[in-house]
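Visitor: Starting off with a structure, shown below.
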Amino acid sequence: MTLPTPIILDCDPGHDDAMAILLAAANPAVELLGITTVSGNGSLEKVTYNALRMCAVAGIVVPVAKGANDPLAGKASAAPSIHGASALDGAELPEPNFELSPLTAVELIAKLVTECDRKVTLIPTGPLTNIAMFLQTHPELHSKIEHISFMGGSTERGNWTPYAEFNIWADPEAADVVLRSGLPLIMSGLNVTHQALATPEVLDRISALDTNLAHTVVDLMKFFATTYQDVFGMPDPPVHDPVALAIIIDMSVAKLVSAPVAVELTGLLTRGATVVEIY
Ligand code: BDR
Ligand code: CA
């Protein structure tokens with residue numbers, strides 16, 4: 001019998017991050033060791049609260065630790081136009097039902113990786129600040145990382161600026177550390193995540209489950225659909241973040257292509273763009 005892949009989800013919930021939390025906790029092909037949070041879609045306080053509220057609504061109990069407040073350089077940004085004022089608008093969510101870990105995100109990642117008897121896969125679905133800090137401060141643990149499968153970047157155009165995707169744009173220096181780490185990386189950029197759409201048919205199937213959690217998911221995704229329509233003119237919102245995890249669960253869900261990727265750090269108009277060498 002194949003053992004589940006041990007994973008740590010590093011996220012900034014956020015609607016699609018919230019879906020990644022549910023997938024990470026429920027899919028038997030992976031074992032969710034812990035959740036860490038990073039400022040991105042909302043402030044660190046908001047996204048951490050949202051991670052805990054998602055755990056409460058879904059009955060998930062794993063260590064949750066708060067990470068970086070600001071990117072490696074500069075100040076944090078948020079995406080209220082997409083995720084609302086709370087960073088997770090659209091559904092009534094219960095209050096957290098367990099305490100945040102006293103460890104920082106980097107400390108928790110290091111502890112979980114050290115204690116695990118197998119290599120661990122990191123799934124970052126927000127700005128890469130925590131992951132970069134972990135890699136810089138714990139070189140002795142690099143050999144215990146199986147993959148870093150992240151949502152971010154694009155082989156084509158961006159969504160936050162013409163050429164930059166939000167997660168990479170929010171902390172390009174951190175993305176640079178990760179991309180240069182030499183570890184096995186899997187990038188799920190906009191070119192693939194824009195194919196993972198929460199269509200009305202998908203939402204109907206979830207709604208038909210008729211559980212409290214299913215209705216919460218549908219309420220969240222309907223809010224996400226309205227902002228994606230308003231901001232990007234997309235009628236069905238892309239559920240970006242679970243794609244980075246789905247690939248670890250089943251590598252056949254997407255076509256993987258090996259290619260060098262770098263991040264633009266100095267471009268006047270293109271800072272945060274991923275430069276992907278595929279022709
Ligand atoms: C990414 O940015 C955030 O808004 C989403 O949660 C996703 O991680 C998409 O560009
Ligand atoms: Ca995210």
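The values are calculated or read from the model by the stated rules, or taken from the named source; none is laboratory data. Small disclaimer: the values here were computed from a predicted structure and weren't measured. Positions of Cβ are generated from backbone atoms using ideal geometry, with glycine treated the same way; all protein chains shown enter the neighbour counts. SASA here: full protein model, heavy atoms, side chains in, ligands and nucleic acids out. Shrake-Rupley method; radii C 1.70, N 1.55, O 1.52, S 1.80 Å.
Visitor: Tell me the per residue accessible area of the chain using a 1.4 Å probe; a whole number in Å² is fine.
Guide: Values: 12200 Å² over 279 residues.
It amounts to 44 Å² per residue over the chain.
Visitor: Given N residues in the range 32-188, what is its alpha carbon radius of gyration divided by 2.2 N^0.38 Å?
Guide: Values: Rg = 15.4 Å, N = 157, 2.2 N^0.38 = 15.0 Å.
This ratio for the range 32-188 stands at 1.02.
Visitor: Long-range amide H contacts for THR36: which residues qualify at under 5 Å (H placed 1.01 Å from N, peptide plane, sequence gap of 5 or more or a different chain)?
Guide: Here the answer is LEU9, ASP10, CYS11, ALA65, since their amide H atoms fall under 5 Å of that of THR36.
Visitor: Using modelled backbone amide H atoms (1.01 Å from N, in-plane), which distant-in-sequence or interchain residues come within less than 5 Å of VAL275's amide H?
Guide: Amide H to amide H, under 5 Å and 5 or more residues apart or across chains, VAL275 pairs with ALA262, VAL263, GLU264.
Visitor: Calculate one ³J(HN,Hα) per residue across the range 4-11 by plugging θ = phi - 60° into the Karplus curve 6.51 cos²θ - 1.76 cosθ + 1.60, and present them in order as whole Hz with x for glycine and proline.
Guide: Result, rounded to whole Hz: x, 6, x, 10, 10, 9, 10, 9.
Visitor: In nm, to one decimal, how far is the modelled label at GLU277 from the one at LEU100, with both set 7 Å along Cα→Cβ?
Guide: Reported label-point gap for GLU277 and LEU100 is 4.1 nm.
Visitor: Can I ask one more? Quick one: which residues, 5 or more positions from VAL120 or on another chain, have an amide H under 5 Å from its amide H? H modelled 1.01 Å from N in the peptide plane, none for Pro or chain starts.
Guide: Under 5 Å from the amide H of VAL120: ILE145, GLU146.
Visitor: Continuing with this model, one more query. Computing the accessible area with a 1.4 Å probe over protein heavy atoms, can you report the carbon and sulfur percentage for the range 122-169? Display every interim value, and only then the final one.
Guide: Details: 920 of 1640 Å².
After summing per-atom areas, the C and S share lands at 56 percent.
Visitor: In whole Hz and in residue order, list the ³J(HN,Hα) couplings for the range 82-94 that follow from phi through the Karplus curve 6.51 cos²θ - 1.76 cosθ + 1.60, θ = phi - 60°; x for Gly and Pro.
Guide: Taking θ as phi minus 60°, the curve returns 9, 10, x, 5, 7, 6, 8, 6, x, 9, 6, 10, x Hz for the range 82-94.
Visitor: Sticking with this structure for a sec: Sort out for me the Cα centre separation of the range 1-56 from the range 57-84, rounded to whole Å.
Guide: Here the two parts' Cα centres lie 10 Å apart.
Visitor: Something else now. Under the rule of -39500 (n - 2.57) per DSSP H run of 4 or more residues, summed and divided by the residues of the chain, what mean residue ellipticity at 222 nm is obtained, to the nearest 500 deg cm²/dmol? The partial results should precede the final answer.
Guide: On the way: 11 runs with 107 residues, N = 279.
After summing the helix terms and dividing by residue count, I get -11000 deg cm²/dmol.
Visitor: Another question, then. Just how large is the dipole of the chain about the Cα centre, in debye to the nearest 20, putting +1 at every Lys and Arg Cβ and -1 at every Asp and Glu Cβ? All intermediate terms of the calculation are to be shown ahead of the outcome.
Guide: On the way: 14 positive and 31 negative charges, 78 e Å.
Here the size comes out at about 380 debye.
Visitor: Of all accessible surface on the range 174-223 at a 1.4 Å probe, what whole percent is carbon and sulfur? Walk me through the numbers before you get to the answer.
Guide: Details: 1360 of 2560 Å².
C and S fraction of accessible area: 53 percent.
Visitor: Sort 101-107, 262-268, 145-151 by the packing proxy (mean of other Cβ within 10 Å over each peptide's residues), most packed first.
Guide: On the way: 101-107: 18.3, 262-268: 14.7, 145-151: 22.6.
Ranked from most to least packed, the peptides come out as 145-151, 101-107, 262-268.
Visitor: Let me ask something else. Through the Karplus equation 6.51 cos²θ - 1.76 cosθ + 1.60, θ set to phi - 60°, convert the phi angles of the range 120-132 into ³J(HN,Hα) values in whole Hz; use x for Gly and Pro.
Guide: Computed from phi, the couplings for the range 120-132 are 10, 9, 9, 10, x, 10, x, x, 8, 4, 4, 5, 4 Hz.
Visitor: So which aspartates and glutamates can LYS75 reach, going by Cα to Cα under 20 Å and dropping same-chain residues fewer than 8 places off?
Guide: ASP10, ASP12, GLU45, GLU165, ASP171, GLU173, ASP176, GLU264
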